[in-house]
Amino acid sequence: MSWHPQYRSSKFRHVYGKAASKDKCYDCVPITRSVHDNYFCAVNPSFIAVVTECAGGGAFLVIPIKQTGKLDPHYPKVCGHKGNVLDIKWNPFNDFVIASCSEDATVKIWDIPNQLLKRNITTPKKELLGHARRVGLIEWHPTADNILFSSGYDYKIMIWNLDVEDAVLSEPVKILDVHKDVVLSMSFNTDGSLLATACRDRKIRVIDPRAGTVLQEASYKAHRANKVLFLGNMKKLFSTGTSWWNNRQIALWDQNDLSMPLLEEDLDGSSGLLFPVYDSDTHMLYVVGKGDGNIRYYEISPEKPYLSYLMEYRSHLPQKGIGMMPKRGLDVAACEIFRFYKLIPTKSLIEPVSMIVPRRSESYQEDLYPLTAAAQPALTAQQWLNGINKGPLLISLKPGSGAVNSLPQFLDPELFTRATDMSQQEEGGGKMPLEDKQKPREIRDVGKRLKAEEKSPNIEPMCISNGFDIFECPPPKTENELLHMYFRQQNEICRLRALVNQRDVQIKQLELQLRNVSMDTGNY
């Protein structure tokens with residue numbers, strides 16, 4: 001065990017974890033009992049998805065993020081798989097599209113409606129059939145639209161282009177057959193040009209996914225890696241695993257030289273897996289232990305000592321899996337820099353845990369929130385497949401600086417990016433690709449829809465159920481909540497009446513001014 005210095009000069013030195021109150025948790029959630037080593041949870045600013053138990057196949061729940069409290073035992077599920085669901089991932093550019101993989105050797109893409117689910121969803125938007133054995137991991141490309149990676153127990157990683165109209169895809173655009181055992185972890189660098197993998201043969205590999213070649217391979221045997229992670233643009237890898245003595249261990253690597261780790265540290269003797277999570281905006285690294293309630297967090301620096309221990313969040317409730325909220329879903333007014341969703345199967349509970357920097361000022365803290373990845377793709381699928389690399393589009397989290405949400409469901413992001421690319425090519429005098437010439441009517445329709453939206457920018461898609469917006473205000477469940485809602489509406493009505501009276505006064509004042517002006521001009 002290494003010794004951690006007690007003090008360090010850092011604005012994140014006093015970061016602390018704050019668990020949500022009981023009414024802000026998700027209770028009575030039947031969390032999966034699968035022993036597969038995975039997150040089992042996926043979160044975006046609109047929904048939380050969690051793998052659940054289902055007789056006769058695999059299923060997962062999709063719950064609106066504001067719908068906290070006790071879950072209805074008959075709440076609808078997404079249940080189209082014939083085997084247990086092993087992994088789920090939200091599309092980073094569309095909050096209403098989710099991918100899932102299962103023991104039935106398939107990957108399915110689902111459209112989630114922008115409303116409260118009333119019945120089970122059993123028909124996927126797309127089905128990917130290529131693996132010979134069960135599929136354990138899926139990852140969306142971080143900058144290219146509609147590119148999905150899947151890894152199965154047939155030792156292969158398949159790259160899928162979902163930017164096609166076919167509902168069933170049986171041929172991936174690329175197959176990476178460079179592993180000799182099951183892939184345990186996949187991670188992209190910032191622009192998605194490199195893929196790092198950890199394999200059951202305990203080797204870490206850095207792969208060029210489009211060329212299908214292994215650029216680096218670790219031959220260091222003292223560290224048996226289970227999970228690997230790219231550390232943003234620092235050209236470093238971070239891995240968690242076990243040592244020769246079966247102690248839980250973390251290691252830091254140079255991505256261009258995997259012969260020896262830059263840093264190696266034993267944590268403890270527990271047997272649970274360690275999930276690494278990196279925040280490239282704050283350069284903070286979180287290590288979440290499976291089977292215990294602790295979350296350790298560190299600060300990464302480009303120079304020695306590279307890894308600086310900050311603090312540890314402790315809880316007596318052990319987590320089976322974990323979900324992470326994207327930056328655009330955080331509460332910047334509370335100086336929240338990260339949010340976890342802990343799956344606690346012993347309590348059938350999902351508990352949000354916010355990582356907060358204590359600040360006295362209530363204004364927006366720009367040093368805590370640099371420009372972060374937007375919810376729009378930087379490349380189309382075909383551009384990335386053709387060899388183009390581009391970093392993510394960046395946005396500010398400052399309130400009022402612009403939209404930070406993904407494309408709404410009624411606006412097809414495929415057509416949106418295609419129309420954008422066509423307009424850019426026309427402005428530059430370039431030739432339009434053949435695939436874009438084949439669908440001029442779709443592009444014109446998108447252009448009309450975009451112009452209509454520009455004329456009415458304040459119109460947003462609403463989801464109303466029994467008179468309530470379920471994303472902003474869930475329906476009341478108790479008498480107290482109903483009374484609270486009633487008084488809140490009364491206050492809102494009073495505020496609107498006062499506003500109307502104020503406007504009437506302003507109108508009368510303007511009328512008097514016009515009358516005075518007209519009288520003055522008449523005298524002359």
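The values are calculated or read from the model by the stated rules, or taken from the named source; none is laboratory data. Not measured: the values here are computed from a predicted model. We place every Cβ from the backbone using ideal geometry, glycine too, and count neighbours over all the protein chains shown. These area figures cover heavy atoms from the full protein model, side chains too; ligands, DNA and RNA do not enter into them. Shrake-Rupley method; radii C 1.70, N 1.55, O 1.52, S 1.80 Å.
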Rounded to whole Å², per residue accessible area for the stretch 200-289 with a 1.4 Å probe reads 38 Å²
Computed about the Cα centre, the charge dipole of the stretch 16-373 from +1 Lys/Arg and -1 Asp/Glu charges at the Cβ has a magnitude in debye, to the nearest 20, of 880 debye
Counting only protein heavy atoms and leaving out ligands, DNA and RNA, the solvent-accessible surface of K203 at a 1.4 Å probe, in Å² to the nearest 10, equals 70 Å²
Set K89/K156; K82/K227; K221/K320; K77/K320, cut-off 22 Å on Cα-Cα distance; pairs above it are K82/K227; K221/K320
For the stretch 21-143, the percent of accessible surface on carbon and sulfur atoms (probe 1.4 angstrom, ligands and nucleic acids excluded) is 48 percent
Measure of exposure for S518: accessible area at 1.4 Å probe, Å² rounded to 10, is 60 Å²
Using alpha-carbon positions, the gyration tensor of the stretch 121-209 gives root eigenvalues a ≥ b ≥ c; with a/c under 1.5 called rounded, otherwise prolate if a/b exceeds b/c, else oblate, the class is oblate
Probe 1.4 Å, all chains present, heavy atoms only: C41 accessible area in Å², nearest 10, is 10 Å²
For the stretch 16-373, averaging the sequence separation of alpha carbon pairs under 8 Å that lie six or more residues apart and dividing by its residue count, the contact order in percent is 13 percent
If unit charges are put on Cβ atoms (+1 for Lys and Arg, -1 for Asp and Glu) and the dipole of the stretch 16-373 is taken about its Cα centre, the option from N161, L128, P92 lying farthest towards the positive end turns out to be L128
Rounded to the nearest Å, the spacing of the alpha-carbon centers of the stretch 274-313 and the stretch 489-515 is 54 Å
Put L499, L379 in order of accessible area, largest first, probe 1.4 Å, and you get L499, L379
Among K11/K236; K24/K236; K126/K342, the pairs whose Cα-Cα distance exceeds 28 Å are K24/K236; K126/K342
The correct ranking of L252, L307, L215 by accessible area at 1.4 Å, largest first, is L215, L307, L252
